[in-house]
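Down below is the structure, laid out as structure tokens.
The values are calculated or read from the model by the stated rules, or taken from the named source; none is laboratory data. All of these numbers come straight from a predicted model, not from anything done at the bench. No Cβ is skipped: glycine too gets one built from the backbone with ideal geometry, and neighbour counts run over all protein chains shown.
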């Protein structure tokens, strides 16, 4: 019986893995803020996007200094799967793998707490199903399908290997936990959900510390250090801006600013009214005001589970699991508080206090989502340990198996809408094949061949930074951030929010006001300062509900023939009947790099500069030597880390650091003729009667990318080598 139940766990895991492949169709569910384009273009996601820390590090929006390199390990894995087995539906493959691994690793984790007893395997099945099919997950991470959903398997796997390492005094298991996190977690991108689990598991960690003391401290130190080293390639760009006080950087600097803080507090006060304590304990988390609370299978499921947990509390004194029961139940109550501080004004005030005074706590602004995995995990652990305590009473087999049967079936019934979703693929749909329409493919090919470093603008502009592209399958559309950077290597602006940053949308609001007031000259000059030289006119029709959602009342109508007449210059090419590419009208055109009169950005008093974009952080320049002082203007977001260097085959000399202008949309560098003439002769280029200096614009923090990547690769090789060698030695000892 024991072997059958153990085998059953693997059968269930296999079925979970196959469900998306068998029942979710062949289309990709992509789009939205997260794009999910990495399922279609994982390699492009790495090479043309994630590896950039400045310039070309955002899709369809203005970017600051920040890194998304933490996507690299997981995207590399997706690329390998896509390359080795191109027939596999990558999205369904990894979602299925996540469900199966989450179920199996939950059972393994539970085995570290429940070591004996005939009912261990069936409790593991019940707990695993209750965990991965928790309605707290179904209505949050499974619905929006952000990469945070992969923590459903990563977190129990990490906890299992970390706990096993402590209990068996083997560092290799803790190192393995670090590897799992570093490959599958996508670092800062999933940090709020991961940190939420760590917070609510504090009672468990405190207990383990007092239970194992030295071992716990050693393994925690190894886990923290190895994880830091493995992720140094991106962590360095979150630490450096804080040390250098680079206010132009995103990431940690942004989530700590005053505006973001006050916005978070407003959101917390609003969302605290979204869910009642009844939702938290027995039903499901509401994710929006449009969700009507109702009581169905999930209410019965959580009601029974919570009743069993409370019932087990009556058996506390005589149970061998009493310590773990107290720990898990305490953590569950803690998670209830964090996922919805709806237990009166005191709970909201406590949460707001944490937001105000605990650094980085603003990352938990959507608490119903960020603590969803934590609640699901602790609910399942509390239920499992409660069942183990009930099993100790040696209740009748008929009653026991009836209870187990109900607790196995209920999560599956609860998850039926998720496992077998109803789709409308026969009519209008946002599920796509992943191959965009032929007109868009031709547009991408043409723009890729242009190799122009200036930006592109989509008209009509929508509110969000979205494009709408029809799929090759009629009636199917992609709505989300533009894939132009991934497919053509070109940066583009697609909506009003493209002109803001995640923490300052003032320019976006100004642009809307200028459209209302018909200040087309000011709009054109704004586009000029952002180095927009091309306009893509999107003539695709939109269904009414999407038009209302993307264009927000009158925005579409504001972009009339008058605007087009003011902005559109020479037509470059038509691409079918969907898209037309224009140059912007000459009075608003600009070069990304040019020389202007001293201390000015004026483009009517400028001279062209020959330059080549070598990479997102490096521009090669032929800098003319003149008699007058000039300003070198670089039309990228201002950042004090940009450096102008004179270069030769053997050395580099710093000429100037970037200086801000009135608004932070450009970098300027003061050029002094006397300094240029004093440079070594091998830095000069003679072209006819003109003399030039070979110069480079270089983004200084790029050197930390090289340094951090070296540390991460070396650490990864070393950790894998240690694991392999230790495993071989351990096997030899067992043979002997």
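Within this structure, residue 157 passes the test of being touching a residue at least 24 places away in the same chain (Cβ under 8 Å), under 30 Å from residue 715 (Cα atoms) and in the same structural domain as residue 13 (by TED's automatic domain parsing).
Just one of the listed residues (137, 129) is over 26 Å from the mean Cα position of the chain (by Cα), closer than 25 Å to residue 308 by Cα and surrounded by 22 or more Cβ atoms within 10 Å (Cβ to Cβ), namely 129.
Among the strands (runs of 3 or more DSSP E) confined to region 633-710, the ones with at least 3 residues that are within 30 Å of residue 239 (Cα to Cα) are located at 642-647, 652-657, 667-671, 690-699. Checked against the criterion of being surrounded by fewer than 20 Cβ atoms within 10 Å (Cβ to Cβ), more than 14 Å from residue 463 (Cα to Cα), without any contact (Cβ under 8 Å) to a residue 24 or more places away in the chain and not assigned by TED's automatic domain parsing to the domain that holds residue 661, the candidates 518, 571, 539 yield just one match: 571.
Rundown of residues vs (1) free of Cβ contacts under 8 Å to residues at least 60 places away in the same chain; (2) surrounded by fewer than 17 Cβ atoms within 10 Å (Cβ to Cβ); (3) in contact with a strand residue (DSSP E or B) (Cβ under 7 Å, 6 or more places away or on another chain), yes/no style:
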position: 633; (1), (2), (3): yes, no, yes
position: 665; (1), (2), (3): no, no, no
position: 687; (1), (2), (3): no, yes, no
position: 707; (1), (2), (3): no, yes, no
position: 719; (1), (2), (3): no, no, no
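Residue pairs whose Cβ atoms lie under 7 Å apart, separated by 6 or more positions or on different chains, with the first residue in region 393-406 and free of Cβ contacts under 8 Å to residues at least 24 places away in the same chain and in the same structural domain as residue 322 (by TED's automatic domain parsing) and the second assigned to a helix (DSSP H, G or I) and surrounded by fewer than 10 Cβ atoms within 10 Å (Cβ to Cβ), do not occur. Under the condition of being exposed (fewer than 12 other Cβ atoms within 10 Å of the Cβ) and more than 15 Å from residue 522 (Cα to Cα), the residues counted in region 550-568 number 4. Quickly run through region 346-391 and pick out the residues that are modelled with pLDDT of 90 or more and within 18 Å of the chain's Cα centre (by Cα). 370, 371, 372, 373 - these are the residues of region 346-391 that are modelled with pLDDT of 90 or more and within 18 Å of the chain's Cα centre (by Cα).
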